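These notes are about the structure you will find just below.
The values are calculated or read from the model by the stated rules, or taken from the named source; none is laboratory data. No experiment lies behind these values; they were computed from the predicted model shown. When we count neighbours, we look across all protein chains shown, and the Cβ atoms used for this are built from the backbone with ideal geometry, even at glycine. Heads up: the accessible areas ignore ligands, DNA and RNA and are worked out on the full protein's heavy atoms, side chains in. Shrake-Rupley method; radii C 1.70, N 1.55, O 1.52, S 1.80 Å.
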Amino acid sequence: MAYRLFEGKKHASSYWKYRISPSDDLIRQVLDFLEKRKGHPFELAVDVGCGSGQGTVLLAKHFASVVGTDVSPAQVEVALEHAKEPNITYRQCVAEELPFADSSVDLVTAMSAFHWFDRPRFLQEAHRVLKPNGCLALLNYTINMELSYPDCCSHTLNQVCKEFYAALQPYRSPHLGASSMELYREAYESIHYPDKDWQECVWVKRPMPLSSYMGLMESFSSYQALLREDPQKATALSQDICQRLMSVMRVTSVETEVTVAVQYFYLLACKPKEA
């Protein structure tokens, strides 16, 4: 079964505000993979589990039409509120039943979403809608982000971060297993397309205010699970971590900019021409 999370309007809005999207370089790697296999024109891309649309918009300038889909009405509502590109539309639907004809889609993406799907059913559905030589791209990143700040001991700074991650670990959804990366690696191995690629250590550095790093962490499902169970404990944990990070950095403003290194991993696969 697919898991339905992140459906409240408040949580969907925090997704738009804090969630990070793949870098231009990562998107370029996906597009290069597609171009070498299928070539132009790039007509239709479908971003499944699009959330509030941060990743969907990155595809707009490369395709004639882009459709973002999500099971959550609140996420789709927020995506529509921020929609500016005329060639992007959004649809509410489950990932395992996409409203597209057989062999009609050039690129199917899922950015930080595939782990919540009914994975075997979704892979079958992606196969159905992809054109011959169309491509599937599944991207995600780990929670184990690393912070850096000028004239600050990175080891000490990241020890605080690791304590934050460890405190949230017991609230991780059992659906995700011990490691989301393993779920994607298993999917890679289960896809019988001969032309596919797997990368698991692509680091992307992003500058952001410390407040945005904290907001990003608070948007994760494990923190949200703790927040539902014990709001006071969740808030106290977040405030304590934030104060300790500022202490290590020797700053007094939560708007101080830090550099966050994010470890991405991804799966790319090309549907065979004769499939």
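If you take the alpha carbon radius of gyration of the stretch 180-275 and divide it by 2.2 N^0.38 Å, what ratio comes out, to two decimals? Cα-based Rg divided by the globular estimate yields 1.53. State which entries of LYS36/LYS273; LYS131/LYS196; LYS196/LYS273; LYS84/LYS273; LYS38/LYS196 exceed 25 angstrom in Cα-Cα distance in the structure shown. Beyond 25 Å between Cα atoms: LYS84/LYS273. For ASN133, the residues 5 or more places off, or on other chains, whose built amide H falls under 5 Å of its own are LYS271, LYS273.
Potential lengthening of the chain between HIS40 and ASP240 amounts to 66.9 nm, from the contour at 0.36 nm per residue minus the alpha-carbon distance. Accessible surface for TRP198 stands near 50 Å², nearest 10, in the context of the full protein assembly shown (1.4 Å probe). A straight line joining the Cα centroids of the stretch 33-55 and the stretch 59-94 runs 12 Å. Note on THR259 and SER173: the model spin-label points, each 7 Å out from Cα along the C-beta direction, lie 3.3 nm apart. Shown is the FRET efficiency for LYS233 and THR142, computed with R0 = 41 Å from the Cβ-Cβ distance and rounded to the nearest 0.05: 0.95.
The relative contact order of the chain, computed from alpha carbon pairs under 8 Å that lie at least 6 residues apart in sequence, is 22 percent. Positive contributions from Lys and Arg (+1) and negative ones from Asp and Glu (-1), summed over other residues with Cβ under 12 Å from the Cβ of TYR223, come out at 0.
Computed from the Cα positions only, the extents of the chain along the three principal axes stand at 59, 36, 34 Å, in decreasing order. Seen against the Cα atoms of the chain and their longest principal axis, helix 180-190 is set at about 20 degrees.
The value of relative contact order for the stretch 196-266, using C-alpha pairs under 8 Å at least six residues apart, is 63 percent. Residues THR256, THR109 ordered from highest to lowest accessible area at a 1.4 Å probe: THR256, THR109. Mind checking the angle between helix 9-18 and the chain's longest principal axis? C-alpha axes, 0 to 90 degrees, to the nearest 10. Helix 9-18 sits at roughly 80 degrees to that axis.
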